[in-house]
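The values are calculated or read from the model by the stated rules, or taken from the named source; none is laboratory data. Quick caveat, the model's predicted, so the values are computed rather than measured. All Cβ positions, glycine included, derive from the backbone under ideal geometry; neighbour counts span all protein chains shown.
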């Protein structure tokens, strides 16, 4: 399996190795995982989880309530045990789905200092660009079909496609414009729900960022439809809000339409701004260039650059966890607009109001919601659950290889 | 300036002028010939450049046609000819085509002008390029102002249409006319090309580039560019750079609608011509200089040859003037100089003969004068002698008794007259045997004072009116080398002469002074003076104006002065006295 | 060895308190006795009946609050029944003039719908032969088989089909994974192959006229040149398509099935089906069903199962009928049946089956 991600993978992003107390299925329903039952108080701040019995970590040490409490305590929660249960005081009302967040995975440090989880695979080897997972023979939901998974990181799209074609890789990460070629070489395409937000972010403190009309004009001048159809090959959705429709349910209330005439009215003078995109992301560079063409018609000149300091940044932000409220808060934090995000109460309505207020500041301009796309070789088969969860995580426990195929 | 120098200067001048004139004429003619040749060369180069430009255009058209003929392009055209075609799969095609066919610009445009894919501005997909619909059939390459994300460039563009399903897919390919393009042109040595991209109404130095980047000295080319912009015709101008002149031919670059997109400047370096001209000047100068030196040398030699005999003649004449009567001029040439030399020699010969005759005559005259003087001098004493002796004879005969008395008287008279005679003869003898002077340091002032003391009594003697002596001795007069006896004698003679010249008394003035390394002695009287003729004859021995005296006095003075290598002169006017001036060398 | 996960969504009955809550919030944003123009739009997996129920309830609540409902009222209330992956999101946008209010409720997650009564699925062998079969149309006593090189006409003799005539097709170099389609309408016969369309007569002297054509196939779109998929506007390329109720379904290239809601213009996709789908109309159950193959490739055995679209997810309404090899083509063939062409993995023989659905007992 090959992953293009250059980002460092955190512990929590390996659900195959580290598990959470509960998990979300493909319909977003909470299912038991390490915990078999749970309850909470009326305020939603005190939770009690009954752990699955006879669980062991990968190194054979038993899964005890203390270990779980210790792992969960790293989130700033007050955790303890009460008999066979783990008690968690969250300090603020949380929904049970938040315990499915991969960052709340349970792990311990083994005697050799390595991280031990409880998942269907254990971390057999970890180097800077390569990880090997070996099947956990004693996994509580059944040993996975695959014996081992080798994960290589840091390869280019070209290399990955080639490896897939040559049969050297079974699962590769794909960009939207690689899908066609992967399909032609016989791969199957696994797509998640849109779990990445691509947006423009204004750099605080720069003159451009302080001109509200300019920000709004920029937002109105972008033609998302053309970029989505051509550059993103219709893989994804145009985004007017920060959260995708599948997560919030109200995303269609945010308009993603272009209004070049209104944008022109808002612009005074002939502003010149710089737009930086990730130097390693050629697609982002092309999208940035296209945005520059769009904004030119509104009278705003954008100079695109690869990296460096700029007035605007084209960024990608992962939308996680798959719960609307926390996801939005985390998005706001990663986009550096936490101070502009306020939710007056629980519930979707308040969340919507907070999101709308944030979006109408135009300090962050949502562009697209993009799915995770993977290409799978013909010999890689799934059993019951898809290998790629809707939320974009790998679910390798149900994968098997058809060894009859060459 | 000597004759030789004058000759030399004349010759040299002639040579210099000739050399300079020749060099100038040759230089001008050569330069003109080279200029014409260079003009022809420039025209050839410009034509060559035009062909190269056309070749690039044809090459561009071929490449675009190759793209249009590709199967994948046809497939694309078929796909895009459907109703509501999907451009998405082709958005990166142009970039790949540009790379594969080594073009700077490639655009794929749909029938309605929609940009399907753009290599030079990939983000412009979906926008419309209306210009592609302006023409039905595209043939040749043309020039176009192409807009890019950050700039506008001049481009050479060719278009081909690919027909499929009733509609066209346009393939537009091109080269940027930038420094890369200019650098890729194959140009002969000494030639360069600059491109001015005309995008602003006013001249902008940044818009002028050559193969290396922004062109230097753009401001110098501004007038030429402006001229082309206004007149829309080609123009030529030569620009003087610090390292040599360069001729520019400016060609207007027009687009399809004859709009002026830029100006192409083809520069042909005149540096070689200038260097050649300079070399010619140098060579000419060198040759002229060499010629001049040679000319001077030859002039010198010629002058020498010509003036040699003349100099010889001059030298001979000088020698003769100095007294060397044996000087001869040996000139063997047969020209006028030779004649002159021979004439000179014969003249000298004649002069020598004349001098000898003159000498002879003078000697004879001197002898005659001496004989006359002697006869005159002797006549006087001899007459009484004769008388006395006759008296004696008569006495003996007539008065024997008184003979003893008469004999005594006569003997006394005879003895006196004989003594006189002896004196006279002694004077002559003195004059005759005046010896060479014995030179020794002598104080002339002392001699003068001594002489005045000696003659003091005579000056106051009552036999004539008193003569007042005046003495003016120069204390700065040092010692001179002279024979004191002879100088004394000369001085005595002059004083005696002066006394004799003032029978009525007067003033005797004696003056010494030193001037120019010579001692000057002046003896002046206030007597009757002498006429001019008398002055001339004065120093002839026996010339005297005195009634008595041998007239040897002044001759002795003259002899002494001559022996001392001095000079003597007299100055006088009748009634005004006479002044004798003697110059003696000091040593 | 693959099992399909049946994702069942839908509302048994809209929670009434959610509707009331929504109505209450709408009322709170209105002026007393205001006249409003109410519109309700479904952007979720609710069934039309359920949507109608919600609308009725909202109207009732508003009338009970003394608000007048008038289509031309200046104040508009636009209700959108949306959902996220965890449940419904019902949104009401109230607009009066420039003022805009938005209220939301999130109904509780519904119970699962009981599985639909299974229907019967039946397969019947039509023809088996070593040569490849692209499509087959079986009439009473006439069978026409489309092969890569010819169209073969069979007549019935006793209980078997007897080869009568074959008309050669123009020589072509066919693309890989050749597909072909036969349609009969009355007496006229049409055959579709990549880049080729043939017309002919059936009963009278069978003859075919073939010519170059890029015309759309009965699937509604032309076959992409040189490829084995269709390309249509607004949809990504698809292998096969079917129309069920408000939904247009297309089996896409990425192994997912794309659905397009003609009513709301919403679109999405789900996994679990193969690349051949065909719509059939039985009149029972939901009225229309979709026959779908199993995901897999040409080295797997295949199965066909019938589904209904409930909301935006398929629900199996019949058992699966297995085959001894992959299904290479499946085309609708009449109202309640389809023709499936398979290739036996062991013998390599091609077989044409008729698949029919029968309503539940």
Residue count for region C:249-298, restricted to those that are within 12 Å of chain A (Cβ to nearest Cβ), surrounded by 21 or more Cβ atoms within 10 Å (Cβ to Cβ) and in contact (Cβ under 8 Å) with a residue 60 or more places away in the chain: 3
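Yes/no matrix, rows are residues, columns are (1) at the interface with chain C (Cβ under 9 Å from one of its Cβ atoms); (2) over 29 Å from residue C:299 (Cα atoms); (3) surrounded by fewer than 19 Cβ atoms within 10 Å (Cβ to Cβ):
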position: A:319; (1), (2), (3): no, yes, no
position: A:323; (1), (2), (3): yes, yes, no
position: A:340; (1), (2), (3): no, yes, yes
position: A:347; (1), (2), (3): yes, yes, yes
position: A:371; (1), (2), (3): no, yes, no
position: A:387; (1), (2), (3): no, no, no
Residues satisfying the stated conditions in region A:216-231, i.e. out of contact with any strand residue (DSSP E or B) (no Cβ under 6 Å at 6 or more places or on another chain), buried (at least 20 other Cβ atoms within 10 Å of the Cβ) and more than 14 Å from every other protein chain (Cβ to nearest Cβ): A:217, A:218, A:220
Flag if residue C:197 is more than 16 Å from the chain's Cα centre (by Cα) and either surrounded by fewer than 16 Cβ atoms within 10 Å (Cβ to Cβ) or within 14 Å of another protein chain (Cβ to nearest Cβ) (or both): no
Residue that is assigned by TED's automatic domain parsing to the domain that holds residue B:170 and surrounded by fewer than 17 Cβ atoms within 10 Å (Cβ to Cβ), where the choices are B:110, B:100, B:88, B:77: B:100
Positions within region A:174-207 being facing chain C (nearest Cβ under 9 Å), closer than 23 Å to residue A:244 by Cα and part of a helix (DSSP H, G or I), in sequence order: A:179
Set A:270, A:256: member being over 18 Å from residue A:369 (Cβ atoms), modelled with pLDDT under 95, away from chain B (no Cβ under 14 Å) and in contact with a strand residue (DSSP E or B) (Cβ under 8 Å, 6 or more places away or on another chain): A:270
Condition met for residue A:379 (under 30 Å from residue A:170 (Cβ atoms), away from chain B (no Cβ under 14 Å) and surrounded by fewer than 21 Cβ atoms within 10 Å (Cβ to Cβ)): yes
Restricting region C:49-65 to residues that are touching a strand residue (DSSP E or B) at 6+ places or on another chain (Cβ under 9 Å) and surrounded by fewer than 16 Cβ atoms within 10 Å (Cβ to Cβ), the residue that is farthest from the other protein chains (Cβ to nearest Cβ): C:63
Subset of region C:94-124 that is crowded, with 21+ Cβ neighbours inside 10 Å and at pLDDT 90 or above - its residue that is farthest from the other protein chains (Cβ to nearest Cβ): C:94
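If you take the residues of region C:66-93 that are more than 16 Å from residue C:55 (Cβ to Cβ), assigned to a strand (DSSP E or B) and under 28 Å from the mean Cα position of the chain (by Cα), which of them is farthest from the other protein chains (Cβ to nearest Cβ)? Walk me through it before giving the result.
Of all residues in region C:66-93, those more than 16 Å from residue C:55 (Cβ to Cβ) come to C:66, C:68, C:72-75, C:83-87, C:89.
Still in the running and assigned to a strand (DSSP E or B): C:68, C:75, C:83-84, C:87, C:89.
Still in the running and under 28 Å from the mean Cα position of the chain (by Cα): C:83-84, C:87, C:89.
Numbers: C:83: 5, C:84: 4, C:87: 8, C:89: 3 Å.
If we take residues in region C:66-93 being more than 16 Å from residue C:55 (Cβ to Cβ), assigned to a strand (DSSP E or B) and under 28 Å from the mean Cα position of the chain (by Cα), then C:87 is farthest from the other protein chains (Cβ to nearest Cβ).
Among the candidates B:31, B:4, B:63, single out the residue that is surrounded by 14 or more Cβ atoms within 10 Å (Cβ to Cβ), assigned to a helix (DSSP H, G or I) and touching a strand residue (DSSP E or B) at 6+ places or on another chain (Cβ under 8 Å). Break it down into steps so the answer makes sense when it comes.
On the way: B:31 fails: touching a strand residue (DSSP E or B) at 6+ places or on another chain (Cβ under 8 Å); B:4 fails: touching a strand residue (DSSP E or B) at 6+ places or on another chain (Cβ under 8 Å).
When all the criteria are applied, what remains is B:63.
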Selection from region B:85-112 of residues that are free of Cβ contacts under 8 Å to residues at least 24 places away in the same chain and closer than 25 Å to residue B:134 by Cβ: B:112
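From the list B:132, B:159, pick out the single residue that is modelled with pLDDT of 95 or more, buried (at least 21 other Cβ atoms within 10 Å of the Cβ) and either over 22 Å from residue A:295 (Cβ atoms) or touching a helix residue (DSSP H, G or I) at 6+ places or on another chain (Cβ under 6 Å) (or both). Explain how you work it out, then say what you get.
Working: B:132 fails: modelled with pLDDT of 95 or more.
Criteria check complete, one pass: B:159.
Every residue, every condition in (1) at pLDDT below 85; (2) over 30 Å from residue A:233 (Cα atoms), yes or no:
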site: A:86; (1), (2): no, yes
site: A:95; (1), (2): yes, yes
site: A:101; (1), (2): yes, yes
site: A:119; (1), (2): no, yes
site: A:131; (1), (2): yes, yes
site: A:145; (1), (2): yes, yes
site: A:153; (1), (2): yes, no
site: A:170; (1), (2): no, no
Filter result for residue C:128 (part of a strand (DSSP E or B), loosely packed, with under 14 Cβ neighbours inside 10 Å and touching a strand residue (DSSP E or B) at 6+ places or on another chain (Cβ under 6 Å)): no
Subset of region C:230-248 that is within 13 Å of chain B (Cβ to nearest Cβ) and more than 19 Å from residue C:338 (Cβ to Cβ) - its residue that is modelled with the lowest pLDDT: C:234
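Being touching a strand residue (DSSP E or B) at 6+ places or on another chain (Cβ under 9 Å), exposed (fewer than 14 other Cβ atoms within 10 Å of the Cβ) and on the phi < 0 side of the Ramachandran plot is the requirement here; does residue C:187 meet it? Full working, then the answer.
Working: touching a strand residue (DSSP E or B) at 6+ places or on another chain (Cβ under 9 Å): yes; exposed (fewer than 14 other Cβ atoms within 10 Å of the Cβ): yes; on the phi < 0 side of the Ramachandran plot: yes.
Yes, satisfied.
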Options B:91, B:106, B:116; residue that is over 20 Å from residue B:65 (Cα atoms) and in contact with a helix residue (DSSP H, G or I) (Cβ under 6 Å, 6 or more places away or on another chain): B:91
Residue satisfying condition, being in contact with a strand residue (DSSP E or B) (Cβ under 6 Å, 6 or more places away or on another chain), within 29 Å of residue A:233 (Cβ to Cβ) and within 14 Å of another protein chain (Cβ to nearest Cβ), within set A:247, A:312: A:247
Elements of type strands (runs of 3 or more DSSP E) contained in region A:49-146, each with 2 or more residues being touching a strand residue (DSSP E or B) at 6+ places or on another chain (Cβ under 8 Å) and outside the structural domain of residue A:31 (by TED's automatic domain parsing): A:121-126, A:130-135
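Kindly indicate whether any position in region A:275-298 is more than 22 Å from residue A:227 (Cβ to Cβ) and away from every other protein chain (no Cβ under 12 Å). Steps first, please.
In the first step, residues of region A:275-298 are kept if they are more than 22 Å from residue A:227 (Cβ to Cβ); the result is none.
No, the conditions are met nowhere in region A:275-298.
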